[in-house]
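Presented below is the structure to which this report refers.
The values are calculated or read from the model by the stated rules, or taken from the named source; none is laboratory data. Predicted model, so just to flag it, every value in this text is computed and none were measured. Because the Cβ atoms are built from the backbone with ideal geometry, glycine has one as well, and the counts that use them run over all protein chains shown.
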Amino acid sequence: MQAAIEAIAHEAGELALSHFHKLASVPVESKGHLDLVTAADKEVEALVTSRLRVAFPDDGIFGEEGNAVEGTSGRTWVIDPIDGTFNFVRGGDQWAVSIGLYEDGAPTFGVINVPVRKQLVVGGEGVPTSINGVPLALAKGFDRSRASTGVGFHPAIPTDDRLQMLRFVIDDARMVFRCCGSATLSLLEVATGEVDGYIGMGESSWDLMAAMPILTQLGFGSTIDWSTSTLASKFKFACGKPEFLELVSPAVPRGALITHMG
């Protein structure tokens, strides 16, 4: 399974990269204010869907751009063809192809391709987390004196809610924050130790499905309760070291969901 998904992710990344190198001619549409979709997103998702249907014909598929296949195996592949589309269309490198496996009601395996950086990240149950085949170190201790978190807000999250979260991060938790515009890349920053955790508001299952099992293998936890959510849920969650999750628990309780967007 791992080799097959890695091959699909690599092919998808090459397709996305071919569009990236000719951005001036890539059609861009809007799903909402600052929420973009390109021809590259649609073509990459179609490619991944077709490859998955051949490799795993009994499995379901759930994609950000609308591809959906009912499976019979109890397993579903969740696709984000380009996570960080805004960065993509602006010519930045913080975007990725994300393919995660949802099984028995939870994410169990993921592969992330970051094409511009030439990084292939893989991890999950029985698969140690690695980048380009090099194992990543397990989560280390939490130093409050230099605590840092990634943050991500869906464009439809009200401004007051965003400001409330940022005030909590700055004043109550007393952390610095960074926002890269891609949940997948932000979660990889947790994996590599660049930040202690990540707080997301309005994220979808396709933003998280590959990254979460990758992080779990390194000893990171999250506030997501998969037993009370679905693939269609919008999440308000934190992910990181245990000490980080305890610190942010007043603002990000376990099992929180976004019930209204915009």
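Before moving on, here are some points about what is shown:
- Odd one out for SER98 among (1) under 14 Å from LEU17 (Cβ atoms); (2) touching a Ser or Thr at 6+ places or on another chain (Cβ under 8 Å); (3) assigned to a strand (DSSP E or B): (1)
- For LYS140, the conditions (1) at pLDDT below 95; (2) closer than 22 Å to VAL37 by Cα all hold with the exception of (2).
- Check on SER30, in the same structural domain as GLY123 (by TED's automatic domain parsing) and either at pLDDT below 95 or of a type in the set (Lys, Arg) (or both): yes
- Failed condition for LEU17, given (1) assigned to a helix (DSSP H, G or I); (2) at pLDDT 95 or above; (3) under 18 Å from TRP206 (Cα atoms); (4) not hydroxyl-bearing (Ser, Thr, Tyr): (3)
- Here the condition is being closer than 18 Å to ASP207 by Cα, over 18 Å from the mean Cα position of the chain (by Cα) and surrounded by fewer than 15 Cβ atoms within 10 Å (Cβ to Cβ); of ALA68, ALA7, it holds for ALA68 alone.
- Number of positions in region 53-84 that are assigned to a strand (DSSP E or B) and charged (D, E, K, R): 3
- When region 205-262 is filtered for residues that are of a type in the set (Gly, Ala, Ser), within 25 Å of GLY126 (Cβ to Cβ) and buried (at least 21 other Cβ atoms within 10 Å of the Cβ), the ones remaining, listed by number, are SER205, ALA210, ALA211, SER222, GLY240.
- Cβ separations smaller than 9 Å between residues 6+ apart or across chains give the following pairs from region 169-186 residues that are within 18 Å of GLU243 (Cα to Cα) to residues that are of a type in the set (Phe, Trp, Tyr) and in a strand (DSSP E or B): VAL169/PHE177; ILE170/PHE177.
- Qualifying residue in region 176-183 (condition: surrounded by fewer than 15 Cβ atoms within 10 Å (Cβ to Cβ), in contact with a strand residue (DSSP E or B) (Cβ under 6 Å, 6 or more places away or on another chain) and farther than 23 Å from THR216 by Cβ): yes
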